[in-house]
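See structure below.
The values are calculated or read from the model by the stated rules, or taken from the named source; none is laboratory data. Bear in mind that the values here come from a model prediction, so they are computed numbers and not experimental data. Because the Cβ atoms are built from the backbone with ideal geometry, glycine has one as well, and the counts that use them run over all protein chains shown. Side chains are part of the model used for accessible areas, which takes the heavy atoms of the whole protein and leaves out ligands, DNA and RNA. Shrake-Rupley method; radii C 1.70, N 1.55, O 1.52, S 1.80 Å.
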Amino acid sequence: MDTSARQKIPLNSLSPRQLMELDACTRCGECMKWCPIYAVDRSADLIPGNRIAALRKLLKSQHGIRARLAAGNRISKEEVERLIEVLYECTTCGQCHFVCPARIDTVELWEDLREAVVEAGLGPLPDQAEYLRVLKKYENPFKEPRENRGIWVQRGLEQGTLYRDLPLITESPQPVLFYLGCTASYNTEINLVAQWVANLMHYAGVRFGVLGNQENCCRGKLRRMGDGDFAAKAAENIDLLNSLGIDTLVTNCAGCFKTIFQDYPRIKKINFKVYHAIEYVDMLIRERRLQPVNLVPMKVTYHDPCHLGRHNGIYDAPRRVLQAVPGVEFVEMERIRQNSRCCGMGGGLKMGFPEIQTLASAERIREAERTGAEAVVTPCPTCFLGLQAGAARAESDISARHLMELVNISVFGR
Amino acid sequence: MSPFGTDLIYYKPWLYFVIIQTLGLTIFIIGMADNLNFYFRGRARSFRNSPGFAAMIKIFLHEVLLQRQLFTRGFFRWLNHILIFWGFLGLLSLSAIGVLLKIVPGDAAFYQFFTAGSGYLYYKFVGDLAGLMVLAGAVSALIGRLRAAPGSNIDTRFSDTAALGILVVLVLTGFMLESLRLAAAPGDPAAQYSFVANFMAGFIEGGQVPRFLMTAFWTFHATLNAVFVAYLPFSKLAHVFAAPAEIVINASEEQLRGDLYGYLR
Ligand code: HEM
Ligand code: SF4
Ligand code: SF4
């Protein structure tokens with residue numbers, strides 16, 4: 001990274017309210033007790049409060065009276081580099097926001113600071129920059145060709161895991177769009193999750209379609225890592241989605257859900273309702289359009305994905321779904337809901353710090369183990385993958401399962 | 001006797017007082033102006049949604065005045081802080097009254113109430129109570145800070161502790177001055193209302209403290225006050241202004257977050 005300490009970090013992406021937040025932090029240390037990343041990497045620089053203090057020092061030395069008085073920049077190049085590194089060694093899980101006595105909206109702050117750092121040409125980290133380059137070029141992070149995005153339907157039908165064909169929404173307009181996202185489209189294991197959701201929606205009589213090869217990446221990772229192109233790229237996607245004439249969008253990916261539900265409307269008005277698949281399935285069960293009747297005898301615990309829980313307040317729907325499955329014995333972990341420990345998969349951490357991510361997942365797995373459950377279930381494909389890797393890392397007997405699988409088994413008996 | 005009547009007992013260098021307070025206040029204003037200037041260099045919008053005033057008022061009551069979030073983080077943490085916070089509010093109100101007394105005409109009912117009427121007693125009582133609250137909160141925060149520092153990794157820089165230290169000494173010297181005054185002029189019928197200072201005065205034999213020492217004490221207290229005020233915008237005590245403001249604005253942005261403010265559901 002070519003970092004010059006004199007390189008000014010612009011304040012275009014930050015609001016007065018956010019700069020005030022830098023002064024509102026009292027370094028009380030509450031965030032230190034809860035941050036899932038500091039828990040596995042004990043570097044004091046990572047503590048959110050310390051990060052805020054360092055950022056305040058840097059930004060105040062570059063803007064305002066002090067910048068003019070102290071002609072040179074008193075912050076060393078190494079300090080700036082370290083600061084940018086720790087800004088990215090964070091899953092933007094939002095735990096620090098929920099415990100902060102000053103209610104500092106840290107997730108928003110971290111993401112906007114990343115944008116400022118990218119604007120200054122100081123971020124993201126090299127591996128993350130490469131990830132974003134690939135994402136923009138291929139419209140997915142896996143370097144997969146666009147023509148392969150929709151082939152899963154045919155494959156699912158042939159393998160018998162997808163029970164009915166799905167119409168392309170561009171050819172046959174439907175009121176509901178099922179939006180897969182990149183991971184479910186290309187990762188064959190996660191694609192099963194999409195198939196389960198499709199099977200359930202069909203069974204419940206929902207009229208829906210998919211975009212197939214025309215589906216774009218939600219481009220949320222651009223926002224998570226501070227890429228300034230996010231607004232323009234998101235607007236493109238909003239225009240596409242708005243043109244479909246749908247009234248509802250359902251997605252099985254918690255990351256896509258957060259992006260479409262929370263970030264898109266800040267850029268441009270969207271003309272449809274957005275549901276995460278687990279909320280939608282919960283609704284179908286409550287409307288008795290879906291009946292999980294087959295026994296799934298299993299002791300399970302539930303992991304709250306940050307993007308559903310803390311970021312969007314979806315805590316109860318997945319728990320209701322879990323409890324609607326007969327045979328399931330549901331036990332809670334110690335840290336749940338607002339205090340759920342992040343599995344480490346969010347915020348681009350995995351691309352920059354894969355080892356730290358696995359450690360964070362392993363930590364969550366150990367918490368799940370303590371409940372005596374045989375499986376930890378979650379409705380987020382990304383958390384699901386993270387927890388799987390965490391279970392392997394922790395050499396745990398507990399298995400990570402996708403919540404949709406349990407519902408699928410219970411409804412269809414297979 | 002008015003709250004400003006101790007000139008009769010010992011000499012107070014008022015000219016010095018005016019100079020040092022003006023200096024302190026000037027530095028304070030420059031610091032605050034620099035902070036505000038810094039905040040408003042942010043080009044993004046503070047309100048992404050239209051401001052929700054109902055949510056802002058509600059959160060001001062719950063989170064700023066009552067500090068509920070701090071309460072959920074621990075009772076003693078909350079108690080320490082609420083003592084300092086409310087104590088400060090008390091002292092601030094008294095200072096405001098003091099300033100008003102300098103401005104309003106001598107025959108105004110307000111002036112009469114606080115100089116000749118029972119207002120003086122309230123003034124003395126609230127002053128001691130608020131001072132005691134700040135002292136208790138600050139001393140226990142200081143103890144907590146010095147005890148926790150080695151084990152904890154959070155950046156507890158010297159300036160944080162210094163700010164607390166100044167606060168403690170400031171309140172302590174305030175009480176000392178008041179007790180010296182009471183000890184030097186025994187028989188004040190209002191003395192029992194200054195309950196802390198009166199208690200402390202019990203330890204001082206009347207009139208034994210030389211007047212010049214009282215003057216020195218008074219000067220030290222006034223100087224420390226100016227230092228404290230000047231230091232506010234530059235220390236972590238900048239949160240005294242930034243935290244309430246940012247909490248209230250954030251509340252408008254996050255009013256739909258029932259889970260963030262669990263009790264607002
Ligand atoms: C309303 C928003 C405010 C919030 C959220 C807030 C929060 C905090 C927190 C978390 C601490 C650290 C205490 C600890 O570590 O336990 C602190 C310290 C302190 N606060 Fe506030 N504060 C607020 C407003 C105020 C106001 C209005 C005052 C004074 C008038 C004040 C005076 C102090 C002082 C003197 C300290 C130092 C004590 C220490 O270091 O532990 N605060 N505040
Ligand atoms: S919890 Fe909030 S106020 Fe306390 S140190 Fe962390 S960011 Fe700062
Ligand atoms: S958002 Fe999560 S990972 Fe990032 S600093 Fe806060 S608690 Fe730590």
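Listed here are the residues, each with its yes/no results for (1) in a helix (DSSP H, G or I); (2) at pLDDT below 90; (3) in the same structural domain as residue A:167 (by TED's automatic domain parsing).
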{"position": "A:56", "(1), (2), (3)": "yes, no, no"}
{"position": "A:74", "(1), (2), (3)": "no, yes, no"}
{"position": "A:80", "(1), (2), (3)": "yes, yes, no"}
{"position": "A:111", "(1), (2), (3)": "yes, no, no"}
Open item on the list: Checking the condition at pLDDT 95 or above and in a helix (DSSP H, G or I), which residue from A:238, A:190 passes?
Closed with: A:238
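Being buried (at least 20 other Cβ atoms within 10 Å of the Cβ), modelled with pLDDT under 80 and more than 16 Å from ligand 2 (Cβ to nearest atom) narrows it down to one of B:201, B:226, so name that one.
Numbers: B:226 fails: modelled with pLDDT under 80.
None of the other options fit; the residue is B:201.
If a residue must be more than 7 Å from chain A (Cβ to nearest Cβ) and surrounded by fewer than 18 Cβ atoms within 10 Å (Cβ to Cβ), how many such residues does region B:36-55 contain? Give the steps one after another, and end with the answer.
Initial filter on region B:36-55 (more than 7 Å from chain A (Cβ to nearest Cβ)): B:36, B:47, B:49-55.
Filter once more, keeping what is surrounded by fewer than 18 Cβ atoms within 10 Å (Cβ to Cβ): B:36, B:47, B:49-54.
The total comes to 8.
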Open item on the list: I need the full set of residues from region A:94-103 which are open to solvent by less than 10 Å² (accessible area, probe 1.4 Å) and either within 10 Å of ligand 3 (Cβ to nearest atom) or part of a helix (DSSP H, G or I) (or both), in order please.
Closed with: A:94, A:95, A:97, A:99
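Taking the residues in region A:26-48 that are at the interface with chain B (Cβ under 7 Å from one of its Cβ atoms) and in contact (Cβ under 8 Å) with a residue 40 or more places away in the chain as candidates, determine which candidate is most open to solvent (accessible area, probe 1.4 Å).
Looking only at region A:26-48, we keep the residues that are at the interface with chain B (Cβ under 7 Å from one of its Cβ atoms), and these are A:26-27, A:29-30, A:32, A:44, A:47.
Filter again for in contact (Cβ under 8 Å) with a residue 40 or more places away in the chain, leaving A:26, A:30.
Values: A:26: 32, A:30: 5 Å².
Among residues in region A:26-48 that are at the interface with chain B (Cβ under 7 Å from one of its Cβ atoms) and in contact (Cβ under 8 Å) with a residue 40 or more places away in the chain, the one most open to solvent (accessible area, probe 1.4 Å) is A:26.
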TODO: May I ask you to verify whether residue A:404 is outside the structural domain of residue A:192 (by TED's automatic domain parsing), closer than 30 Å to residue A:226 by Cα and touching a residue at least 12 places away in the same chain (Cβ under 8 Å)?
DONE: no
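On the given criteria, is residue B:232 in a helix (DSSP H, G or I), surrounded by fewer than 17 Cβ atoms within 10 Å (Cβ to Cβ) and away from ligand 2 (no atom under 16 Å from the Cβ)?
On the way: in a helix (DSSP H, G or I): yes; surrounded by fewer than 17 Cβ atoms within 10 Å (Cβ to Cβ): no; away from ligand 2 (no atom under 16 Å from the Cβ): yes.
No; evaluated as a whole, the condition is false for this residue.
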TODO: May I ask you to list the residues in region A:113-155 that are part of a helix (DSSP H, G or I) and closer than 28 Å to residue A:29 by Cβ?
DONE: A:113, A:114, A:115, A:116, A:117
Task: Odd one out for residue A:41 among (1) away from ligand 2 (no atom under 16 Å from the Cβ); (2) in a helix (DSSP H, G or I); (3) not β-branched (Val, Ile, Thr) - done: (2)
Task: Residue within region A:342-362 that is farther than 21 Å from residue A:262 by Cβ and of a type in the set (Lys, Arg) present - done: no
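In region A:328-344, what residues are open to solvent by 20 Å² or more (accessible area, probe 1.4 Å) and more than 14 Å from chain B (Cβ to nearest Cβ)? I'd like the intermediate steps shown before the answer.
Residues of region A:328-344 that are open to solvent by 20 Å² or more (accessible area, probe 1.4 Å), as a first pass: A:328-332, A:334-339, A:341.
Scanning region A:328-344 gives A:328, A:329, A:330, A:331, A:332, A:334, A:335, A:341.
For residues that are of a type in the set (D, E, K, R), away from chain B (no Cβ under 14 Å) and open to solvent by less than 10 Å² (accessible area, probe 1.4 Å), tally how many sit in region A:110-131.
Just the residues of region A:110-131 that are of a type in the set (D, E, K, R), to begin with: A:111-112, A:114-115, A:119, A:127, A:130.
The next check asks that each one be away from chain B (no Cβ under 14 Å); those that pass are A:127, A:130.
Filter again for open to solvent by less than 10 Å² (accessible area, probe 1.4 Å), leaving none.
Final tally of qualifying residues: 0.
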Task: Filter pass, residue B:139 being over 30 Å from residue A:33 (Cβ atoms) and at pLDDT 80 or above - done: no
TODO: Collect the residues in region B:181-196 that are in contact (Cβ under 8 Å) with a residue 40 or more places away in the chain and more than 12 Å from residue B:127 (Cα to Cα), keeping them in residue-number order.
DONE: B:181, B:184, B:185, B:188, B:190
Open item on the list: Among the listed residues A:80, A:107, A:153, A:134, identify the single one that is within 14 Å of chain B (Cβ to nearest Cβ) and open to solvent by less than 20 Å² (accessible area, probe 1.4 Å).
Closed with: A:107
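Taking residue A:67, is it buried (at least 19 other Cβ atoms within 10 Å of the Cβ), closer than 26 Å to residue B:37 by Cα, among the small types (Gly, Ala, Ser) and outside the structural domain of residue A:304 (by TED's automatic domain parsing)? Lay out the reasoning, then the answer.
Details: buried (at least 19 other Cβ atoms within 10 Å of the Cβ): no; closer than 26 Å to residue B:37 by Cα: yes; among the small types (Gly, Ala, Ser): yes; outside the structural domain of residue A:304 (by TED's automatic domain parsing): yes.
In short, no.
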Open item on the list: Only one of A:386, A:344 is small (Gly, Ala, Ser) and assigned to a loop (DSSP other than H, G, I, E, B). Can you tell me which?
Closed with: A:344
Task: Yes/no for residue A:224 being among the charged types (D, E, K, R) and open to solvent by less than 10 Å² (accessible area, probe 1.4 Å) - done: yes
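Look through A:355, A:367 and report the one residue that is more than 14 Å from chain B (Cβ to nearest Cβ), at pLDDT below 95 and either open to solvent by less than 20 Å² (accessible area, probe 1.4 Å) or part of a helix (DSSP H, G or I) (or both). Lay out the reasoning, then the answer.
Working: A:367 fails: at pLDDT below 95.
It is A:355.
When you look at residue A:74, is it more than 12 Å from chain B (Cβ to nearest Cβ), away from ligand 1 (no atom under 16 Å from the Cβ), open to solvent by 20 Å² or more (accessible area, probe 1.4 Å) and without any contact (Cβ under 8 Å) to a residue 40 or more places away in the chain, yes or no? So that I can check it myself, show each step before the final result.
Values: more than 12 Å from chain B (Cβ to nearest Cβ): yes; away from ligand 1 (no atom under 16 Å from the Cβ): yes; open to solvent by 20 Å² or more (accessible area, probe 1.4 Å): yes; without any contact (Cβ under 8 Å) to a residue 40 or more places away in the chain: yes.
When the stated conditions are applied, residue A:74 passes them.
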Task: Conditions (1) farther than 18 Å from residue B:235 by Cα; (2) touching a helix residue (DSSP H, G or I) at 6+ places or on another chain (Cβ under 8 Å); number of the one not met by residue A:116 - done: (2)
Open item on the list: Here's a check for you: in region A:313-327, which residue that is in contact with a helix residue (DSSP H, G or I) (Cβ under 8 Å, 6 or more places away or on another chain) and open to solvent by less than 30 Å² (accessible area, probe 1.4 Å) is farthest from residue A:296 (Cα to Cα)?
Closed with: A:314
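In this structure, does residue A:106 turn out to be among the polar types (S, T, N, Q) and within 16 Å of ligand 1 (Cβ to nearest atom)?
Numbers: among the polar types (S, T, N, Q): yes; within 16 Å of ligand 1 (Cβ to nearest atom): yes.
Judged against the criteria, residue A:106 is a match.
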Task: So residue A:158, is it part of a helix (DSSP H, G or I) and surrounded by fewer than 20 Cβ atoms within 10 Å (Cβ to Cβ) - done: yes
